[in-house]
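Below is one structure, written out as structure tokens, with a few remarks after it.
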There are 2 protein chains.
Amino acid sequence: MKDIENILSTPRNQAEEVRALQDTIYVIGGKWRLPIINSICNGNKRFREIERSIPGITTRMLSRELKEMELNKIIKRTVYPNSPVLVEYESTEYCTTFGDIILEMIKWGIEHRKMIAKKY
Amino acid sequence: MKDIENILSTPRNQAEEVRALQDTIYVIGGKWRLPIINSICNGNKRFREIERSIPGITTRMLSRELKEMELNKIIKRTVYPNSPVLVEYESTEYCTTFGDIILEMIKWGIEHRKMIAKKY
DNA sequence: TTCATTGGTATACTCTGTGATACTGATTAC
DNA sequence: GTAATCAGTATCACAGAGTATACCAATGAA
């Protein structure tokens, strides 16, 4: 039972919204992308440094995600061929576009924890 | 090689941020939570209505997620025992706290699509 | 009469994201 | 001489997220 307004205006925007939402989820999906982006944006450059900054992540997952994010130009990887080799990860402009999402998610997480703490 | 500032100030906030971020990811993880929340917040109340509003979702996934989200008080489920039975899903206050996150993700998705479109 | 709709459940399957553990070769610290 | 650090790679294995398909009983529409 859809009326005309419904058909002409609302659904179109809704459809676009879901699509956009699903696109975003696809790009930043998984447990690790956003924490890694956040870590690098916070100035962590070295592999082990990033690893230590994210509780629970394994070497393997970090390695995999970094590789894919480099391919997708989300981050930049630079090798300085000293010995021992020095590797640095940096955020790109593209990377910074996730800033607002991450910020909102951090805000939510902090509020959520406060709520839980208050309850018990 | 950590200096004193590093140990005393920055890492503490960073640690809280990652934790908050990871908490949030845990709660809204997966492909379907946010699209479902968004759909319900947009006024979709009936099961099939929600199902149709989210491209790609299956009956089973929707059913599972709705059940769990009801347990977690993210949504409210009401049964009107007419015949045939009528079921309605509604957002709760808790549900609306995800609003800003969803908004930012929609914004990102739309921008992203524009970028891609421009490129090719 | 037949079909579609509603709100799901049942069953069986895939698959991949994630985890655990171990290892590398070079270098520096103790 | 031993341990630790660096930046990863290699294997193996698993749970559970997600997919596909069919089905139910009741109702209303064509």
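Answer yes or no as to whether B:ILE106 is open to solvent by less than 40 Å² (accessible area, probe 1.4 Å), within 16 Å of DNA strand D (Cβ to nearest atom) and part of a helix (DSSP H, G or I).
No; evaluated as a whole, the condition is false for this residue.
For residues that are of a type in the set (A, V, I, L, M, F, W, C) and within 11 Å of DNA strand C (Cβ to nearest atom), scanning just the stretch A:48-86, find the one that is surrounded by the fewest Cβ atoms within 10 Å (Cβ to Cβ).
A:VAL85
For the stretch A:47-71, what are the residues that are touching a Leu at 6+ places or on another chain (Cβ under 8 Å) and assigned to a helix (DSSP H, G or I)?
Within the stretch A:47-71, A:PHE47, A:ILE50, A:GLU51 meet the criteria.
Which of (1) in the same structural domain as A:GLY109 (by TED's automatic domain parsing); (2) more than 8 Å from DNA strand D (Cβ to nearest atom) does A:THR24 not meet, given it meets every other one?
Only one criterion in (1) in the same structural domain as A:GLY109 (by TED's automatic domain parsing); (2) more than 8 Å from DNA strand D (Cβ to nearest atom) is unmet by A:THR24, namely (1).
Only one of these is more than 9 Å from chain B (Cβ to nearest Cβ), within 15 Å of B:GLU17 (Cα to Cα) and in contact with a strand residue (DSSP E or B) (Cβ under 6 Å, 6 or more places away or on another chain): A:ILE50, A:ILE40, A:ILE75, A:ILE36. Name it.
Residue meeting the stated conditions: A:ILE40.
The values are calculated or read from the model by the stated rules, or taken from the named source; none is laboratory data. No experiment lies behind these values; they were computed from the predicted model shown. Glycine gets a Cβ as well: all are built from the backbone with ideal geometry, and neighbour counts include every protein chain shown. SASA here: full protein model, heavy atoms, side chains in, ligands and nucleic acids out. Shrake-Rupley method; radii C 1.70, N 1.55, O 1.52, S 1.80 Å.
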